[in-house]
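K.L.:
Just passing along the structure, written as structure tokens.
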Amino acid sequence: MTAQAGEAGERCFVDLHCHTSFSFDSLSRPADVVAAGVRRGLTHLAITDHDRIDGALLAREAAPPGLSVIVGEEIRSADGDVIGLFLTGAVPPGLSALETVDAIHAQGGVAGIPHPFDHLRRSGIESRRGVQMMEVLAPALDYVEAFNARVPFGSANERAGEFARDHGLPGVAVSDAHTVMEVGIAYTILPGRVDDADSLRSALSAVAVTDLVRQRASLVVRAFMPVAKAVQRLRGNRRVPPVGTGR
């Protein structure tokens, strides 16, 4: 992996799902997440904190030349989690999934679905509302996470990949990093330049299965999340779920 997207061949190395200490379940400082992305050769890193974008804005300010930070958000809709990328403002939680996707697109952003079939997380669309909701959402989506490094069992990722293929949607690989150690352990190789939402959509449309680099987060690393949640509660950074999320 190389950090130079502008060289011959024009390839980008992109992790589209990553959290910082601005999420209720992470202790990773934005500057440290950015530094990890640089060390691991990423060219693009999406900061997708839960229901807020201020951490992403700080990460973008801290990013050196060679790493583009995409301002994103993991939004808890009334139907489950939705990812928004290239946002200019935070999308409020609690809307329906379709309303959330529409709000992302109204900003000119890119909308995707994270870990939809992971039943160990109650926030996945399919695990909350069933596959029918996924079918309803599919025409409005820009991509689906076909591999999420924090999904512990392969079948959930396999189902997500199959869903993406069956509906003609790009499938991406992401780290869903909640610790610095996880940044970039899974990523997607994109052809061409990615400078904005439109160029990301164009690059995603050309993604092949061989462009997904997959590695699961270890159980030891995932065990840090309860610790992070406890510390964040003590700090007062505990997300208040919107009505209808059941959490």
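Taken together, the values in this text are just the output of simple stated rules run on the coordinates, not laboratory data. These figures come from a predicted structure and were not determined experimentally. Note: ideal-geometry Cβ built from the backbone for every residue, glycine included; neighbour counts use all protein chains shown.
K.L.:
I need to check one value: relative contact order of segment 11-234, counting alpha carbon pairs closer than 8 Å and at least 6 residues apart, in percent.
P.N.:
Relative contact order, segment 11-234: 21 percent.
K.L.:
Still on this model: Need one number: convex hull volume per residue for segment 117-193, Cα atoms only, in Å³.
P.N.:
Convex hull of Cα atoms, per residue: 107 Å³.
K.L.:
Another question about this same structure. According to a simple spin-label model (label point 7 Å from Cα along Cα-to-Cβ), what is the distance in nm between Glu158 and Gln107?
P.N.:
Result for the modelled spin labels: 3.6 nm.
K.L.:
In sequence order, what are the phi-derived ³J(HN,Hα) couplings for segment 164-179 according to the Karplus relation 6.51 cos²θ - 1.76 cosθ + 1.60 with θ = phi - 60°, rounded to whole Hz, with x for glycine and proline?
P.N.:
Each residue's phi maps through the Karplus curve to give 4, 5, 5, 10, x, 9, x, x, 10, 10, 9, 7, 6, 5, 10, 10 Hz.
K.L.:
If I model a spin label as a point 7 Å beyond the Cα along the Cα-Cβ vector, how far apart are those points for Val131 and Arg39 in nm?
P.N.:
Here the answer is 4.2 nm between the modelled labels.
K.L.:
May I pose another question? Calculate for the chain the 222 nm mean residue ellipticity that helices alone would give, adding -39,500 (n - 2.57) per DSSP H run of length 4 or more and normalising by residue count, nearest 500 deg cm²/dmol.
P.N.:
The per-residue figure over the chain is -9000 deg cm²/dmol.
K.L.:
Arranged by the count of other C-beta atoms within 10 angstrom, fewest first, what order do Phe24, Phe117, Phe153 take? Provide the component values of the computation, followed by the final result.
P.N.:
Working: Phe24 19, Phe117 26, Phe153 12.
The order, fewest Cβ neighbours first, is Phe153, Phe24, Phe117.
K.L.:
Okay, next question. Taking +1 at the Cβ of each Lys and Arg and -1 at the Cβ of each Asp and Glu, which of Thr88, Ser28, Ala203 sits farthest along the dipole of the chain towards its positive end, judged by Cα position relative to the Cα centre?
P.N.:
Ranked along the dipole, the leading option is Ser28.
K.L.:
In addition: Nearest 0.05, what FRET efficiency do Asp54 and Ala138 give at R0 = 25 Å with Cβ-Cβ as r? Display every interim value, and only then the final one.
P.N.:
Values: r = 31 Å, r/R0 = 1.24.
For Asp54 and Ala138, the calculated efficiency is 0.20.
K.L.:
Roughly what percent of Cα-Cα pairs across the chain reach past 35 Å?
P.N.:
Value for the chain: 5 percent of Cα pairs lie more than 35 Å apart.
K.L.:
Quick check: net charge around Ile75, other residues with Cβ under 9 Å of its Cβ, Lys/Arg +1 and Asp/Glu -1? Let's see the in-between values first.
P.N.:
On the way: positive: Arg76; negative: Asp51, Glu73, Glu74, Asp81.
Charge balance in the 9 Å sphere: -3.
K.L.:
Another one. GNM, the chain, Cα, under 10 Å: largest mean-square fluctuation among Gly66, Gly236, Gly112?
P.N.:
With Cα springs under 10 Å in the chain, the top fluctuation among Gly66, Gly236, Gly112 is at Gly236.
K.L.:
While we're here: With each label point set 7 Å from Cα along the Cα-Cβ vector, what nm distance links Arg235 and Ser202?
P.N.:
With each label placed 7 Å out from Cα toward Cβ, I get 3.9 nm.
K.L.:
If we count every other residue with Cβ under 13 angstrom of Ala59's Cβ, Lys/Arg +1 and Asp/Glu -1, where does the sum land?
P.N.:
Neighbour charge sum, excluding Ala59 itself: -3.
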